[in-house]
1. Loop only by DSSP, 13 or fewer other Cβ within 10 Å of the Cβ. Give me the GluC sites (Glu not before Pro) in the stretch 22-120 that pass, ordered by residue number.
2. Run the quick spin-label model on Ser52 and Val68: label points 7 Å from Cα toward the beta carbon, then report their separation in nm to one decimal.
3. For a quick check of your reading of the filter: which chymotrypsin sites (Phe, Trp or Tyr not before Pro) in the stretch 24-110 sit in a DSSP loop and have no more than 15 other Cβ atoms within 10 Å?
4. If the chain between Glu190 and Asp133 were fully stretched, how many nm would it gain, using 0.36 nm times the residue separation less the Cα-Cα distance?
5. Taking the Cβ-Cβ separation of Ala38 and Gln160 as r and a Förster radius of 22 Å, what is the calculated FRET efficiency to the nearest 0.05?
6. At most 12 other Cβ atoms within 10 Å and a DSSP loop assignment: could you name the GluC sites (Glu not before Pro) in the stretch 120-199 that fit?
7. Got a sec? Charge dipole of the stretch 58-202, +1 on Cβ for Lys and Arg, -1 for Asp and Glu; which of Val68, Thr184, Met98 is way out at the positive end?
8. May I ask you to derive the FRET efficiency for Asp147 and Gln91 from their Cβ-Cβ distance with R0 = 30 Å, giving the value to the nearest 0.05?
Amino acid sequence: MSTSKILAMACALVIAGTGPSVDAQPTVYIVRHAEKVATWPGGILDAYHPLSIEGVARAESLATIFDVGSIAGIYSSRTTRTVHTALPLSQKLGLPIMEATACQDTSLILDFYGEIIRNYKSDQSVLLISHSDIIPHLMLKAGLPLDCWPEQGISGRPGQELLISGYTGIWRIDLSKSMNGECTGFTRREFWSIPSKSDAGLR
């Protein structure tokens with residue numbers, strides 16, 4: 001069964017009877033944590049591996065992309081690098097950084113999307129701060145087809161480790177369109193090249 005059908009079924013279970021229709025879902029933005037320091041005693045995967053000077057600057061830049069009121073929820077994995085990436089935006093918007101284990105564990109992604117659908121309206125957006133090996137799965141489990149992978153910057157093939165590279169991407173998933181088996185529900189832009197709120201589709 002395709003990931004789009006799985007998510008469609010999950011959404012149907014979440015919203016059965018009382019929730020919003022499948023074509024009225026919140027928008028999800030995804031960003032990878034910013035750059036880490038080059039060396040760290042715990043190794044590159046250590047949960048406490050902090051941001052570098054460049055990473056701190058990128059985190060501060062992230063806060064300039066979203067206006068107050070444009071994001072209703074900020075979610076992060078429980079690592080120093082993701083929380084620190086989210087911090088400047090959290091302070092600007094006055095929103096807490098909420099832990100999302102799904103930003104670190106692919107087996108929990110569908111349940112997490114169900115939680116988002118339950119808790120947010122169709123005119124709201126949430127931001128996820130995650131990792132290079134998790135972001136592809138956040139998109140796949142939202143229905144991203146295989147032929148859209150290159151456009152979204154996903155390297156690897158089915159059955160292999162999937163990754164995104166670099167720290168400059170920001171992904172937008174329109175959950176009301178992502179389950180149609182096409183690329184139309186997914187947008188990727190470079191971090192520094194988003195010219196305006198309206199052009200980027202930010203709310």
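Readers should treat all values here as calculations from the given coordinates under stated rules, not as data from a laboratory. Note that the structure is predicted; figures quoted are calculated from it, not measured. Every residue, glycine as well, gets a Cβ built from its backbone with ideal geometry; the counts of neighbours run over all protein chains shown.
1. Details: sites: Glu35, Glu54, Glu60, Glu99, Glu115; in loops: Glu35.
Filter output for the stretch 22-120: empty list.
2. 3.4 nm
3. On the way: sites: Tyr29, Tyr48, Phe66, Tyr75; in loops: Tyr48, Phe66.
Passing sites in the stretch 24-110 are Tyr48.
4. On the way: separation 57, 0.36 × 57 = 20.52 nm, distance 1.82 nm.
Length gained between Glu190 and Asp133: 18.7 nm.
5. On the way: r = 27 Å, r/R0 = 1.22.
It comes out at approximately 0.25.
6. Details: sites: Glu151, Glu161, Glu182, Glu190; in loops: Glu161, Glu182.
Answer by residue number: Glu161.
7. Positive-end residue among those listed: Val68.
8. On the way: r = 40 Å, r/R0 = 1.32.
That pair, Asp147 with Gln91, gives E of 0.15.
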